[in-house]
Amino acid sequence: MRLTALNIHPVKSTAIRPVDTASVGLGGLTGDRTWVVVDDDGVMVSAREVHALFAVTADTPDTDAGLTRALRLRTADLPDLLLDAPTGESVRAKVFSNELRGIPAGPGADAWVQKALGRDDLHLLWCDDPTRRTLNPAFSSPGDFTAYADGYPVTIASEASMRRLNDWIAEGALDRGEEPPAPLPISRFRPNLVVDGEEPFAEDDWSQVTIGEVRFRVAKPTDRCVMTTIDVESLRTDKEPIRTLARHRLVEHKTLFAVHLIPETTGRISVGDAVDVR
C-alpha cells in the first residue's frame, strides 16, 4: 500500500492544497487548519453554510515554498491578501461544541474575507497554540491535540473504498432508472492522506498506520456530513454521496467514510511512501 496524495487546508473549509511532501507534528500536518473564519459570536463558519469558502485558495509556506508571509488568500475578482501571523490577545472561537481560542488577523483581513464571501459578520482567526485544544477522551489519549480540524488531527481515506462507493452510487442510479453519474472524486471527503493498494474499507479494522517515518494511531471512523454533497466547482449540492453511504455505511445513525488518525511520532511523509497498517 502506498500514499497517493497529501492534502493541507490552511484555512478551514477553503480549497484543498495538494502537496508532494509534508511535515507531521503531534497536532497533525504542519499548517493544516490553523486558520478559521468565525462570525461575530466567534462561531466557526464553514463551507456548510458558505459554499464560497471552497472558492478561496489559502497558501502558507507549507503549501507554497516560495511564500515568505504566513498566509496568502486568493479568490476571483479580488487582489491577493498577504498576512503575517497576527499578535495580540486571543479571542473565543467555537468549533462545533469545542470552546477554542484564536488571534484575530485584523480589520484588513476581515474586510477581505467579508467581501470574498458576501457577509459582513465574518472574521479570520489564527491558532497560535493548538495544544490548548484537547480531543474527545473516548477516542484519544491525554496530551493529544489539534488546531481547528473538526475533531482529530488527520484524516486518511482509501482509493479502493472510493471506487467501491462510486460503484454503489452507479448501481443505485440504475436501480432508480437513472443515468449513472460521473464518479465522485475522493476530494469530496477532504482527506489529508489518500492511500491505495488495499481492499475496500479495510481501514475499518486498522488500529495503527505507519507512513514513512511517522506512526499514527487510529482514533475512530469519520462520520460524514452534508458538506460532502457540495460540488466544489459548481458549488451546487446533490444527494450523493450521503444517500449511498446511508444505505451501505450507516452505523449508529452515522454515515461513515475514512478514518481519523492521531500522530504518535513526528517527521516528514511524501507521496509514494509505503504504508504499513495493523
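Bear in mind these aren't lab numbers, they're just calculated from the coordinates by the rules spelled out. Because the structure is a prediction, the values reported are computed rather than measured. Cβ placement follows ideal geometry from the backbone for every residue including glycine, while neighbour counts extend to all protein chains displayed.
Lysine pair count for the chain with Cα-Cα distance under 28 Å and sequence separation of 8 or more or different chains is 11.
Helix 159-175 and the longest principal axis of the C-alpha atoms of the chain enclose an angle of approximately 70°. Spatially, segment 219-278 and segment 32-79 are offset by 21 Å when compared through their Cα centroids.
By the helix-only formula, in which each DSSP H run with n ≥ 4 contributes -39500 (n - 2.57) and the sum is divided by residues, the chain has a 222 nm mean residue ellipticity of -4000 deg cm²/dmol. Full extension of the chain between Asp41 and Asp231 gives 65.6 nm of extra length, using 0.36 nm per residue less the Cα-Cα distance. In sequence order, segment 110-122 has phi-based couplings of 4, 4, 5, 5, 5, 5, 5, 9, x, 9, 9, 10, 10 Hz under the Karplus curve 6.51 cos²θ - 1.76 cosθ + 1.60, θ = phi - 60°, and Gly or Pro positions carry x. In this structure, the amide hydrogen of Ala70, modeled 1.01 Å from its nitrogen in the peptide plane, lies closer than 5 angstrom to those of Leu83, Asp84, Ala85, counting only residues at least 5 positions away or on a different chain. Note that segment 166-262, at 4 °C in a medium of 1.567 mPa s, gets a Stokes-Einstein diffusion coefficient of 87 µm²/s from its Kirkwood radius over C-alpha pairs. Shown for Cys225, Cys127: other C-beta atoms within 10 Å of each C-beta, ranked fewest to most, produce the order Cys225, Cys127. The Cα atoms of segment 34-129 give a gyration tensor whose axes a ≥ b ≥ c have a/c of 1.5 or more with a/b no greater than b/c, which makes the shape oblate. If I stretch the segment between Thr30 and Lys94 completely, what's the gain in nm (0.36 nm per residue apart, minus their alpha carbon distance), one decimal? Gain on stretching Thr30 to Lys94: 20.9 nm. Here the spin labels are modelled as points 7 Å beyond Cα on the Cα-Cβ line, and at Ala182 and Thr68 they lie 4.0 nm apart. Each residue of segment 9-24 is assigned a 3J(HN,Hα), and the resulting list reads 10, x, 10, 3, 6, 7, 4, 5, 10, x, 9, 8, 8, 8, 8, 10 Hz, derived from the Karplus form 6.51 cos²θ - 1.76 cosθ + 1.60 (θ = phi - 60°), x at Gly and Pro.
Rounded to the nearest whole angstrom, the semi-axes of the ellipsoid equivalent to the chain, taken from the Cα gyration tensor as √(5λ), stand at 29, 23, 18, largest first. Pairs of Cα atoms nearer than 8 Å and 6+ residues apart set the relative contact order; for the chain it is 24 percent.
Based on other C-beta atoms within 10 Å, arrange Val271, Val214 from fewest to most.
In order of increasing Cβ crowding within 10 Å: Val271, Val214.
Annotation for segment 109-206: trypsin sites (Lys or Arg not before Pro) lying in DSSP loop with at most 16 further Cβ atoms inside 10 Å of their Cβ are Arg119, Arg176. Here the calculated FRET efficiency for Arg132 and Arg2, from their Cβ-Cβ distance with R0 = 41 Å, stands at 0.70, rounded to the nearest 0.05.
Exposure proxy shown here: for Leu135, Leu26, the number of other Cβ atoms within 10 Å sets the order, fewest to most, as Leu26, Leu135. Between Glu49 and His253, the distance separating the two model label sites (each 7 Å from Cα on the Cα→Cβ line) works out to 2.3 nm. Dimensions of segment 1-89 based on its C-alpha atoms, expressed as ranges along the principal axes with the largest first, amount to 44, 31, 29 Å.
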